[in-house]
Amino acid sequence: MGKEELMKKLEEKIRNCQKCPLGQLRTNAVPGAGSYDAKVMFVGEAPGYWEDQKGLPFVGRAGKVLDELLAGICLSRDEVYITNIVKCRPPENRDPTEEEIRACAPYLDRQIDIIRPRVIVPLGRHSMRYILEKFGFKPEPISKIHGKTFEARTLFGKIIIMPMYHPAAALYRPPIREELEKDFVKLAKILEELG
Ligand code: SF4
Ligand code: URA
């Protein structure tokens, strides 16, 4: 089975999932969007109001910031893959619980295995913690490790992990926005080196 078919099947499974209580509360699950051949995969936290309405990741205010950051390094959404650790919206946009992350993260694991990205960018501390632990690294405060790179070995080759601040954190905080912009420039350099 090719990537396309595998991903479509997985997305279907996510849209019908009831593995945790968030399944009962959602309007739409948000599997992810973008290229199945993406070199870089962005992993946010969980869908918010607009993502739940539309079934697409990062389409609200944080999404606008993400679009601007991507445009800043001449990338469009169809060249990357964007998803979240938790695929259904937590009520009142609260943080996802450990149980919800544990129930949902196998979908993300599978997406990584199918897409085989060269770079993973966890956005925000929940995603940073999950991804770093998954690949055997120790999580640290996001203020300390954003923009740093971690090299992990996978069954399909080397992968670079670069945690960043969550774009929503930049909404009313210009200094965070600046850090994100700097980290995106680093990301662009890495992608260029990878060819
Ligand atoms: Fe399933 Fe994840 Fe939605 Fe929970 S959040 S119902 S595990 S898709
Ligand atoms: N915040 C996230 O973490 N993910 C989204 O998809 C939207 C907002």
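Summary of values
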quantity	calculated
Single residue of segment 51-63 satisfying the filter (in a helix (DSSP H, G or I) and under 19 Å from residue 35 (Cα atoms)) that is farthest from ligand 1 (Cβ to nearest atom)	63
Scope segment 89-141; condition small (Gly, Ala, Ser), within 9 Å of ligand 1 (Cβ to nearest atom) and not in a helix (DSSP H, G or I); matching residues	none
Segment 139-171, subset farther than 18 Å from residue 44 by Cβ and of a type in the set (Phe, Trp, Tyr), residue modelled with the highest pLDDT	150
Scope segment 71-94; condition farther than 17 Å from residue 25 by Cβ, surrounded by fewer than 21 Cβ atoms within 10 Å (Cβ to Cβ) and either of a type outside the set (Ser, Thr, Tyr) or at pLDDT below 95 (or both); matching residues	71, 72, 73, 74, 75, 77, 78, 79
Any pair with Cβ under 6 angstrom, 6 or more apart, that starts in segment 18-33 at a residue that is more than 18 Å from residue 112 (Cβ to Cβ) and ends at one that is away from ligand 2 (no atom under 12 Å from the Cβ) and outside any helix (DSSP H, G or I)	23/17
Subset tally (residues that are near ligand 2 (Cβ under 9 Å from one of its atoms) and either outside any loop (DSSP other than H, G, I, E, B) or out of contact with any strand residue (DSSP E or B) (no Cβ under 8 Å at 6 or more places or on another chain) (or both)) for segment 64-88	5
Any hit, segment 172-187, residues being assigned to a strand (DSSP E or B) and in contact with a helix residue (DSSP H, G or I) (Cβ under 7 Å, 6 or more places away or on another chain)	no
Positions within segment 141-176 being charged (D, E, K, R) and within 18 Å of the chain's Cα centre (by Cα), in sequence order	148, 151
Residue within segment 103-119 that is in contact with a strand residue (DSSP E or B) (Cβ under 6 Å, 6 or more places away or on another chain), more than 16 Å from ligand 2 (Cβ to nearest atom) and not aliphatic (A, V, I, L, M) present	yes
Subset of segment 35-51 (residues that are farther than 8 Å from residue 81 by Cα and crowded, with 22+ Cβ neighbours inside 10 Å)	43, 44, 45, 46, 47, 48, 51
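Let's see how each residue does on (1) of a type in the set (A, V, I, L, M); (2) more than 13 Å from ligand 2 (Cβ to nearest atom); (3) over 19 Å from residue 187 (Cα atoms):
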residue: 9; (1), (2), (3): no, yes, yes
residue: 17; (1), (2), (3): no, yes, yes
residue: 22; (1), (2), (3): yes, yes, yes
residue: 45; (1), (2), (3): no, no, yes
residue: 59; (1), (2), (3): yes, no, yes
residue: 97; (1), (2), (3): no, yes, yes
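The values are calculated or read from the model by the stated rules, or taken from the named source; none is laboratory data. In this text, all values refer to a predicted model and were calculated from it rather than measured experimentally. Note that we place each Cβ from the backbone using ideal geometry, even for glycine, and neighbour counts take in every protein chain shown.
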